[in-house]
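Worksheet for the structure shown next.
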Amino acid sequence: MHPQRKKRLSLIALALLGVATAVALALTALQQNINLFYTPTEIASGMAPLDTRIRAGGLVVDGSVERSSENLDVRFAVTDGEKQVLIAFSGILPDLFREGQGIVALGRLNEDRVLMADEVLAKHDEQYMPPEVALAMEKVNQMKRDAEAASGY
């Protein structure tokens, strides 16, 4: 092989190796920063991974908010219309947080399948619901309509 061709081939191989390494590092970094969204039904059924940062959302269940009298700890349940999941949060909740409203919480599930949230996001007006929550609620409602249609009601 001609020395000049050998040199070009070496440079091309080195460039390809560098690009492959950069892509592998980028994909690894992105994999670690992904926050997948799970509905309360998916969490209750065990589909959501433990001790991995996830997003969960739904409507805050009426009467489920329990506030600590000594600190900023609060526990509440969210539902997608089918199942409920318990969320524990320590901090100041958004001003728009209240029972019966849509929220999205970011945190990690513990062994008891309680979401230990480090961030809670609330909707910003009366008509808005986070897109993930709206899709999950519609999916559950569609499943209920399908089940009712199949049973003849």
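The values are calculated or read from the model by the stated rules, or taken from the named source; none is laboratory data. Fair warning: this is a prediction, and the values are worked out from it, not measured in the lab. Here Cβ is always computed from backbone atoms with ideal geometry, including for glycine, and neighbour counts include all displayed protein chains. Calculation scope for accessible area: heavy atoms of the full protein, side chains included, ligands and nucleic acids excluded. Shrake-Rupley method; radii C 1.70, N 1.55, O 1.52, S 1.80 Å.
Evaluate the following for I54: is it touching a Phe, Trp or Tyr at 6+ places or on another chain (Cβ under 6 Å), touching a residue at least 12 places away in the same chain (Cβ under 8 Å) and closer than 30 Å to M143 by Cα?
When the stated conditions are applied, I54 passes them.
State whether one or more residues within segment 93-114 are among the small types (G, A, S), touching an Asp or Glu at 6+ places or on another chain (Cβ under 9 Å) and at pLDDT below 80.
No, segment 93-114 contains no residue that is among the small types (G, A, S), touching an Asp or Glu at 6+ places or on another chain (Cβ under 9 Å) and at pLDDT below 80.
Can you tell me how many residues in segment 1-33 are open to solvent by less than 90 Å² (accessible area, probe 1.4 Å) and not in a helix (DSSP H, G or I)?
Going through segment 1-33 one residue at a time, the tally reaches 0.
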